[in-house]
1. For a footprinting-style exposure proxy, rank Thr219, Thr125 by other Cβ within 10 Å, fewest first.
2. Highest GNM mean-square fluctuation, the chain, Cα pairs closer than 10 Å: which of Pro248, Pro194, Pro11?
3. Mind checking the full-extension length gain between Arg205 and His158? Use 0.36 nm per residue of separation minus the Cα-Cα distance, one decimal, nm.
4. Amide H of Thr125: which non-local residues (sequence gap of 5 or more, or other chain) have their own amide H closer than 5 Å, using H built in the peptide plane?
5. At 0.36 nm per residue, minus the direct Cα-Cα distance, what do Leu197 and Glu47 gain on full extension? Give it in nm, one decimal, please.
6. For segment 116-249, what relative contact order do you get, as a whole percent, if you take Cα pairs closer than 8 Å and at least 6 residues apart?
7. Taking amide H atoms as placed 1.01 Å from N in the peptide plane, list the residues 5 or more away in sequence, or in a different chain, whose amide H sits under 5 Å from that of Ser112.
8. Neighbour counts of other C-beta atoms within 10 Å: give me Ile239, Ile15 arranged from fewest to most.
Amino acid sequence: MSANSLPPRRPRVLIAGGGVAALEAALALYDLAADRLEVELCSPHSEFVYRPFAVGEPYGAASILRYDLGALAGQIGASFRLGGIFSVDTGAGQVTARDGEQIPYDYLMIASGARMLWAVPGAVTFWGVADEGGVAGVVRKLRAGILRDVVFTMPGGHSWGLPLYELALLGSTVLAKSGIEDARLTVVTPEDAPLELFGRAVAERMGHLLGERGIEVVTGVHPVEFEGGRLRIAPGEPIETEAVISLPRLEGRRCLCRRRCLRLPGQARGDRDPAGRHRRRGDRLGGRL
Ligand SMILES: Cc1cc2nc3c(=O)[nH]c(=O)nc-3n(C[C@H](O)[C@H](O)[C@H](O)COP(=O)(O)OP(=O)(O)OC[C@H]3O[C@@H](n4cnc5c(N)ncnc54)[C@H](O)[C@@H]3O)c2cc1C
């Protein structure tokens, strides 16, 4: 067979990530151009984790769902590679994986999500899928009547606020089921109205729902620190309470762009390279930096 009769090579699309964004991108590409592209997903974790149910876990009301990424990718005509991407060299059209392997691409999509950061010192942070039982511990004490006053809060800036309200509402259900009537639940939020992210109609509905459940709402304030039974807020006087559950702050993973070269998540100057060597300012990183 002559070289001319070989079928043309299909453009190779590399998708960095294994969350909703990566899967939706792969799905859309499958719909639009299944037979014309070669698609590969690349993620440091082998599972896709369905997060919305995470809020139910500490209450024993739901379980997190996990799906094998390789199997999901296979269903939509993509392949899967386990491993995080370390750096991107857009000039050479290749990424360097954390294990040092160089992976070529024609098109690259980065869907590596956000980092969750500790937001309120002294509070129990709800990490969702990575929760280590802190919230479940508060719930246990609430159910047992050991805690009578809990604040649910989230930091300003970038945050996904829905779990805040779900956690508080589930808390009120726990109290009702346990026959506890004199406990106080409060939502403290930097928003001007509860769940305002979803628009005015939803905010009003959520406000009513919280009111019906007897959950107090303090809007327009930022949680600062929980210490000695007091949640410091700004602006305003501290709120006395027994426990505080906070959502984390979200921060986009940084991609530093230097002369056609991107550097991925958490790889600040001075970090180690994929082989574990310490990098210095000006070192080459999969391209020219
Ligand atoms: C508790 C909780 C409940 C939620 N409930 C809802 C809800 O009900 N409805 C809703 O719409 N949203 C909800 N969200 C928000 C939703 O989960 C996020 O908006 C969504 O997960 C973002 O998808 P993503 O693919 O951009 O990022 P992520 O889901 O964070 O996925 C990022 C992916 O990138 C991978 N990755 C990271 N670094 C690298 C790297 N260097 N190279 C390659 N891959 C990398 C990660 O392993 C991961 O697979 C909830 C979030 C939480 C925390």
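What follows is calculated from the coordinates using simple rules that are stated; it is not laboratory data. Note that the structure is predicted; figures quoted are calculated from it, not measured. Please note: Cβ atoms are built from the backbone with ideal geometry, for glycine as well, and neighbour counts cover all protein chains shown.
1. Listing Thr219, Thr125 from fewest to most nearby Cβ atoms yields Thr219, Thr125.
2. Looking only at Pro248, Pro194, Pro11, the largest GNM fluctuation is found for Pro11.
3. 14.6 nm
4. Sorted by chain and number, the residues that satisfy this are Ser246.
5. 51.1 nm
6. 38 percent
7. When sequence neighbours closer than 5 places are left aside, there are no close amide H contacts.
8. With the sparsest Cβ surroundings first, the list reads Ile239, Ile15.
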